[in-house]
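Engineer: Provided herewith is a single structure, encoded as structure tokens, for subsequent inquiry.
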Amino acid sequence: MPRKSAAANNTTDDDNTTDVNKVVDVNNGADTNKTNTGADVPEVIRNHDTLSEREVIEYLAQGFEQVASKAINANEVLGQASLLSGDDKARLIGTNMVVLGWRFNEGQFADEFVSVLVLTEHDEYFVFNDSSAGVYRQLQAATDRLGRQYGPIHSRHGLRPSDYWYDEETGETFTVKPDDRKTIPARTFYLA
């Protein structure tokens, strides 16, 4: 089915007045259920909750180069988002911040992890990853509740650490280091 658009410049046969209900093919007969490469439009795009299906299909029909040439540079809008890795996340402990959005990804070592974009009260942007029982599970629950993967979600106290001891052989965790086991220190972060 071709994409149709109301045509402001079309006239009726009867009186030469504009007929806003008349539609014209603005996709030159292209199937609106197909991308510009001929592939089916993915279900996630058809059900996207911030852009209309039509807007997304129009972007796909234009192709990357055309869309990118008109797009706003991410750094102009977001500033430079620094990736916080490993223990660098500790920088966000107690930091008043807003979670702007998140994305779940397949991991190399963990089954899945979440990438989180935050804006701090000092206008700094950071991205951090989490695959633990902390932020990862909190944002899974937020996704289920909100039906989307963006906020903003205000986290007045930033991240809260939870330190524990981990037995690599058994997978058990302990809040106090046991004397009779070989354990390693570990840390999980939660949005606070």
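Engineer: Expected output is a single nm value to one decimal: the length gained when fully extending between residue 137 and residue 68, i.e. 0.36 nm times separation in residues minus the C-alpha distance. What is it?
Structural biologist: 21.5 nm
Engineer: Can you check what the net charge comes to around residue 170, using other residues whose Cβ is under 13 Å from the Cβ of residue 170 (Lys, Arg +1; Asp, Glu -1)?
Structural biologist: -3
Engineer: All other residues with a Cβ under 10 Å from the Cβ of residue 189 taken together, and with Lys, Arg as +1 and Asp, Glu as -1, what is their net charge?
Structural biologist: Value of the local net charge: +2.
Here, each number is a calculation from the coordinates, and none is a lab measurement. Bear in mind that the values here come from a model prediction, so they are computed numbers and not experimental data. Cβ sites come from the backbone with ideal geometry, for glycine too, and all protein chains shown count toward neighbours.
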